[in-house]
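Beneath this line is the structure, given in structure tokens, with notes to follow.
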Amino acid sequence: MGFVLTDLALGRALAHRHADLRTDAKWWQSTAQSPDTKVIVTNQAMIAVVGNSLKYVSPADVADTTLAYLGEYEGTHFATVLDDIETWPADWQWENLRQLGKDLDALESGLATTAVALSNWHRNHTHCSRCGAETFVTHAGWVRQCPKDGSEHYPRMDNAIIVNVIDKADRILLARQTVWAENHYSIVAGFVEPGETFE
């Protein structure tokens with residue numbers, strides 16, 4: 001019998017990511033400014049913490065920064081700061097995700113992993129890969145768009161699964177997207193966004 005990984009510290013998440021709402025600029029503006037939204041602060045891949053938990057601030061505390069949407073859990077929305085800011089309060093604690101990850105619960109683990117991945121991606125992809133123009137943040141922090149050629153740039157998605165599902169009659173399960181040409185099918189496969197669980 002093989003070894004089974006049952007609790008991957010940085011592979012857990014509970015927040016609903018609401019990918020369907022990210023393109024709604026009015027919704028995002030309202031959510032990003034709401035005093036009920038909790039904001040996680042990252043800075044050069046470090047995360048602001050209080051003990052073994054994430055430190056949350058309100059959007060008003062980081063009003064001059066660019067935020068990205070992380071998700072919603074039990075009615076509370078979460079965001080993260082995308083900008084690296086050099087002057088935070090001197091008494092704040094900072095931890096690396098690898099050091100902190102094992103101590104976080106499933107909700108905070110998923111939020112922290114997504115926050116670090118998004119902020120790192122934004123930090124390293126500031127210009128259009130097609131024409132070199134400086135891009136701007138859109139889609140609630142999940143897309144960078146080029147003002148010159150209109151192209152959209154997304155965080156890296158990783159292959160998560162590709163399977164061959166066969167029943168007792170030796171038939172294979174195939175799937176298709178409605179946008180595909182007629183009679184085009186594929187075996188079941190999927191990808192994960194930064195901080196998204198395999199499930």
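The values are calculated or read from the model by the stated rules, or taken from the named source; none is laboratory data. Note that the structure is predicted; figures quoted are calculated from it, not measured. Because the Cβ atoms are built from the backbone with ideal geometry, glycine has one as well, and the counts that use them run over all protein chains shown. Remember, those area values only see protein heavy atoms, side chains included, never the ligands or the DNA or RNA. Shrake-Rupley method; radii C 1.70, N 1.55, O 1.52, S 1.80 Å.
Looking at Asn183, Asn96, Asn159, which is the one that is of a type outside the set (Val, Ile, Thr) and over 29 Å from Asn43 (Cα atoms)?
After ruling out the rest, the residue left standing is Asn183.
Would you mind stating whether Lys55 is open to solvent by 60 Å² or more (accessible area, probe 1.4 Å) and either of a type in the set (Lys, Arg) or within 19 Å of Thr197 (Cα to Cα) (or both)?
no
Among what's in region 61-73 and is modelled with pLDDT of 95 or more and more than 15 Å from Asn120 (Cα to Cα), pick the residue that is farthest from the chain's Cα centre (by Cα).
Here the residue is Tyr73.
Using the structure shown, decide if Asp84 is open to solvent by 50 Å² or more (accessible area, probe 1.4 Å), within 25 Å of Tyr154 (Cα to Cα) and modelled with pLDDT under 95.
It is true that Asp84 is open to solvent by 50 Å² or more (accessible area, probe 1.4 Å), within 25 Å of Tyr154 (Cα to Cα) and modelled with pLDDT under 95.
Quick check: is even one residue across region 101-113 part of a strand (DSSP E or B), open to solvent by 50 Å² or more (accessible area, probe 1.4 Å) and either of a type outside the set (S, T, N, Q) or out of contact with any strand residue (DSSP E or B) (no Cβ under 7 Å at 6 or more places or on another chain) (or both)?
no
Checking the structure you have, find out if any residue of region 104-120 is within 22 Å of Thr37 (Cα to Cα), polar (S, T, N, Q) and in contact with a helix residue (DSSP H, G or I) (Cβ under 8 Å, 6 or more places away or on another chain).
Yes, there is a match, as at least one residue in region 104-120 is within 22 Å of Thr37 (Cα to Cα), polar (S, T, N, Q) and in contact with a helix residue (DSSP H, G or I) (Cβ under 8 Å, 6 or more places away or on another chain).
Contact list please: Cβ distance under 8 Å, first residue in region 113-135 and more than 25 Å from Arg17 (Cβ to Cβ), second residue open to solvent by less than 30 Å² (accessible area, probe 1.4 Å) and among the hydrophobic types (A, V, I, L, M, F, W, C), pairs at least six apart or on different chains.
Listed by first residue and then by second, the contacts come to His127/Ala133; Cys128/Cys146; Arg130/Cys146; Cys131/Cys146; Ala133/Cys146; Glu134/Cys128.
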